[in-house]
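Only one structure is covered here, and it is reproduced in the block below.
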Amino acid sequence: MLHMGFLASLGLFEGIQLDTTKGTISHEKTKGPVKGAVARVETSGDIGKRVTATRLLAVGIFAFAAKKKTGRVYLTVEGDGFDIMVEIAAKKESDARQFATKINDAAKK
């Protein structure tokens with residue numbers, strides 16, 4: 001049986017897991033400390049305005065020339081030694097913003 005405090009320490013959204021007990025954030029094979037991390041919900045236009053480490057990791061050198069998809073929404077998390085970028089459905093943007101706030105709050109502790 002899981003302890004209720006353990007359940008409260010976990011946050012999960014679109015495959016991104018926030019574990020405040022361990023102080024980590026993970027997605028698939030990427031894992032890092034939540035402390036100091038920054039989460040954002042961005043549109044393809046926002047991402048297109050800047051080439052980030054996240055985008056470079058996602059598409060490599062082609063990040064500078066890659067055609068930007070319009071109308072897309074992404075949850076990005078940048079931290080010490082890791083970057084996560086997940087495309088989300090536009091209808092889940094509000095939920096993504098709430099989860100980003102949860103990550104950013106945990107990152108300040």
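The values are calculated or read from the model by the stated rules, or taken from the named source; none is laboratory data. What you are looking at is a predicted structure, and each value in this text was computed from that prediction instead of being measured. Because the Cβ atoms are built from the backbone with ideal geometry, glycine has one as well, and the counts that use them run over all protein chains shown.
Details
- Counting the residues of segment 12-39 that are out of contact with any Gly (no Cβ under 8 Å at 6 or more places or on another chain), closer than 13 Å to Asp83 by Cβ and not small (Gly, Ala, Ser) gives 4.
- Meets criteria (in a strand (DSSP E or B), surrounded by 15 or more Cβ atoms within 10 Å (Cβ to Cβ), modelled with pLDDT under 95 and under 13 Å from the mean Cα position of the chain (by Cα)) for Thr76: yes
- The set of residues in segment 81-101 that are more than 13 Å from Val38 (Cβ to Cβ), assigned to a helix (DSSP H, G or I) and either touching a Leu at 6+ places or on another chain (Cβ under 7 Å) or not polar (S, T, N, Q) (or both) comprises Ala90, Lys91, Lys92, Glu93, Asp95, Ala96, Arg97, Phe99.
- Within segment 23-41, considering residues that are among the basic types (Lys, Arg) and in contact (Cβ under 8 Å) with a residue 12 or more places away in the chain, the one farthest from Ala89 (Cα to Cα): Lys35
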